[in-house]
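Step one of this worksheet: look at the structure below.
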Amino acid sequence: MFVFFNPNPDAKRVGDCTVRAIAKAMNTVWDKTYLALCVEGLRLHDMPSANSVWGSYLKANGFRQHALPDTCPECYTVAAFAEEHPQGTYVLALSGHVVTVENGDYYDTWDSGDEVPVYYFEKREEQ
């Protein structure tokens, strides 16, 4: 189910989906997430919103990347993923967008449930 979520301090809704999604997934504030992604981007000499940068950041923070089955790439949606994952925290990469699914709900500034995920990161259970 869609849950409105916007941790941006100025309530901006465009261009920061990566920061918003990771802030939700890691239970951190927008500013801290933004700075951490900037540092990772500097380390990798790329932009903070680049897939390689935020992917590297998530992996360094205990997330594992997964591919999605290619059985019906146009019909498997964010909403379907959320329904099939009632437990856990996931960061989904879409074409030009990033969204977090947590315990069967997807958190975003708009209802991205009909969008198609390309791959995802799963938060590993704390040991």
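Values computed for the structure shown
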item	result
Disulfide-incompatible cysteines by the Cβ rule (no partner under 4.7 Å) in the chain	Cys17, Cys38
Pair Asp105, Asp70: separation of 7 Å Cα→Cβ label points (nm)	3.6 nm
Mean separation of Cα contacts under 8 Å, 6 or more apart, over the residue count of the chain: relative contact order %	33 percent
Apportionment of accessible area to carbon and sulfur, the range 5-127, percent (1.4 Å)	50 percent
Estimated inter-spin distance, Thr28 and Asp46, nm [label 7 Å along Cα→Cβ]	1.8 nm
Accessible surface, the chain, averaged per residue in Å² (probe 1.4 Å)	57 Å²
Sparsely packed GluC sites (Glu not before Pro) within the range 1-84, loop by DSSP, other Cβ within 10 Å at most 15	Glu74
Probe 1.4 Å, all protein chains present, accessible-area order of Met47, Met26, largest first	Met47, Met26
Label corresponding to Rg and Dmax of the Cα atoms in Å when calculated from the structure given, among [x] 18.5, 63; [y] 14.3, 50; [z] 13.7, 40	[z]
Shape category assigned to the range 1-70 from the gyration tensor of Cα positions, a/c cut at 1.5	oblate
Inter-probe distance in nm under a simple model that places probes 7 Å from Cα toward Cβ, at Arg124 and Gln87	1.9 nm
Furthest towards positive pole of dipole, Trp54, Ile22, Leu44, structure part the chain, Cβ charges	Leu44
Antiparallel bridge percentage (DSSP; both residues within the chain; nearest 5)	85 percent
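The values are calculated or read from the model by the stated rules, or taken from the named source; none is laboratory data. Note that this is a predicted model, so its numbers are computed, not measured. As a convention, Cβ positions derive from the backbone with ideal geometry for all residues, glycine included, and neighbour counts pool all protein chains shown. Note: areas computed on protein heavy atoms with side chains; ligands, DNA, RNA excluded. Shrake-Rupley method; radii C 1.70, N 1.55, O 1.52, S 1.80 Å.
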